[in-house]
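As structure tokens, the structure follows; a few thoughts come after it.
Taken together, the values in this text are just the output of simple stated rules run on the coordinates, not laboratory data. The shown structure was predicted, so the numbers you read here are calculated from the model rather than taken from an experiment. Reconstructed Cβ throughout: ideal geometry from the backbone, glycine too, with neighbour counts over all protein chains shown.
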Amino acid sequence: MAIHGTMMRFDVAGFHYPEHYLWLSVTVETHSCFLRCTGAVRCRRQVQTLEIRLPSGSVAVEVPPMTYKQVVIRSAGGSDRLEFESLASLPPELEGPTPEGCVDIRVLRSGVNFADTAVRQGLYASAKKYEGVNGTGFPIVPGFEVAGEVVGVGEGVSGRTVGEQVLAVSRFKCYASRLRVASHLVFSIPKGWNLSEAAGLPAAALTAAYALELGDVWPRKDHRDRSKRLLVHSAAGGVGSFLVQLAKAQGHFVVGIVGRQSKRELVQSFNADVVIHKEGNPKWKAEAVEAAGAPLVPGERSGYDAIFDANGVSTLSWSFENLGPCGRLVVYGFHSMLPKSGSVWASRSCCSVLYWLYLAYNYLRTPAFNPLDMTASNRSVMAFNLSFLFDFEVHKFVARFENILKLANEGKLKTPPVRVFPAPEARSAHDVLESGNSVGKLVLEFE
């Protein structure tokens, strides 16, 4: 017999399994199950002893216990608060048979998102609501997206098989080598996408799709609707890259804003109509205003039909001022409120006076939008946090992502660049993300 991880292949001399069945008794602590197989079986849970019963007797083989790996945060702070652990057994919530309506996944890749850094710093509201103790949000295993292999399928789940490679989205718990998740949050990997690319898809693409819906530009409701003028900040990032592509798939005019000139080529590859860089370019705002074009109605101000902004304080006021009639500013993050890694403000400890002074300063500078002014100017501000919406209109949540997968399978959605870090190097992944120098997606590898 050869054992490869959870895959066990049988080669018993004198026993031809195409003509016979092997009866296997698999014992897991106090749980037992019987599997009928020919040739190969994939274990659905941690195995201590595997007994093969043959006509001539039985052979018992000791199987090393599976190692469970996770990245956990126990208190707020810098990237040094990310702790990689290897445990000899699964946590209690992952033990036993797969529950009804759920799927167990052996995680091979986990996506890293900017929201994870806010979780780590104790600034993410949904973490405080759903995780940790006493409303602190700690301890917590962060992460919103994975790709891996199905190792358990609960009763009532259709369309999923053990051994299938899938991607999934979850509210936290994704920086770990095993994930148990509701079956409606598990999807097939798009054709031609590898595990690392798939792991970086769900959170960013779903955020982009929801933002475009709030901006009233996706999906396009009627072929008679005019092409709209859109501006996307941070267009080379995970969410930004999908905002550009999904908007272009609907035929809209898209202006992408990037920080560095080196990021322009990537956004151009997503077919953005105009790409503008900010670093070393004092005229970027004027260029963006010019790119919006002439007013649709003579005498009215020019501007964009929708602007998508995750920067926060650094661009919110400008974004609102550059909306056209009935324009929508869609807010889904506040990246510029937090100090970049390596800056004098970004102490390794959230107890730093400088750190809190930086947050307070940017909080006080965050603009307040007056409803009277919005009414008079026919402009609006929309905002959302996807992590609060997992249980809201589930059928729409699923349909949204199925539309994204359809585009990916048709080759109409490109994968942004992906940089892979071994899971023990999660701290480095966060440092790179917070530096502002990353492009595309960052992914952790669990093996």
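Got a sec? Charge dipole of region 206-386, +1 on Cβ for Lys and Arg, -1 for Asp and Glu; which of Phe384, Val275, Trp218 is way out at the positive end? Positive-end residue among those listed: Val275. Applying the criteria of a DSSP loop state and at most 12 other Cβ atoms within 10 Å to the GluC sites (Glu not before Pro) of region 206-280 yields Glu279.
Of Lys248/Lys406; Lys191/Lys248; Lys228/Lys278, which pairs sit farther than 18 Å apart, going by alpha carbon to alpha carbon?
Values: Lys248/Lys406 15 Å; Lys191/Lys248 21 Å; Lys228/Lys278 23 Å.
Violating the 18 Å Cα-Cα cut-off are Lys191/Lys248; Lys228/Lys278.
Need the full-extension length gain, Phe384 to Asn271, defined as separation in residues times 0.36 nm minus the C-alpha distance. One decimal, nm. Before the final figure, lay out each step's value.
Numbers: separation 113, 0.36 × 113 = 40.68 nm, distance 2.65 nm.
So the chain would gain 38.0 nm between Phe384 and Asn271.
At a Förster distance of 30 Å, what's the computed FRET efficiency of Asp225 paired with Lys129, Cβ-Cβ distance as r, to 0.05? The value I calculate is 0.20. Put a plus charge on the Cβ of each Lys and Arg, a minus charge on the Cβ of each Asp and Glu, and nothing anywhere else: the dipole of region 64-126 about its Cα centre is then about 240 debye.
For region 206-386, what is the charge dipole size about the Cα centre, in debye to the nearest 20, if Lys and Arg each add +1 at the Cβ and Asp and Glu each add -1 at the Cβ? Before the final figure, lay out each step's value.
Values: 19 positive and 14 negative charges, 61 e Å.
Charge dipole of region 206-386: 300 debye, to the nearest 20.
What is the calculated FRET efficiency for Lys191 to Thr375, with r their C-beta to C-beta distance and R₀ = 45 Å, to the nearest 0.05? The computed FRET efficiency comes out at 0.40.
For a straight C-alpha distance cut-off of 12 angstrom, the aspartates and glutamates reachable from Lys285 (same-chain residues fewer than eight places away being disregarded) are Glu321. Residue order for Trp193, Trp356, Trp218, fewest other beta carbons within 10 angstrom first, comes to Trp356, Trp193, Trp218. Placing pseudo-labels 7 Å out from each Cα toward the beta carbon at Thr67 and Lys283 gives an inter-label distance of 5.7 nm. The slack between Ser428 and Ala360, meaning 0.36 nm per residue of separation minus the straight C-alpha distance, is 21.8 nm.
Kirkwood hydrodynamic radius, region 206-386, all distinct C-alpha pairs: what's the number in Å?
Working: mean 1/r = 0.0586 Å⁻¹.
By the Kirkwood definition, the hydrodynamic radius is 17.1 Å.
Only aspartates and glutamates eight or more places from Lys414 in sequence, or on another chain, were considered; those with a Cα closer than 13 Å are Glu197.
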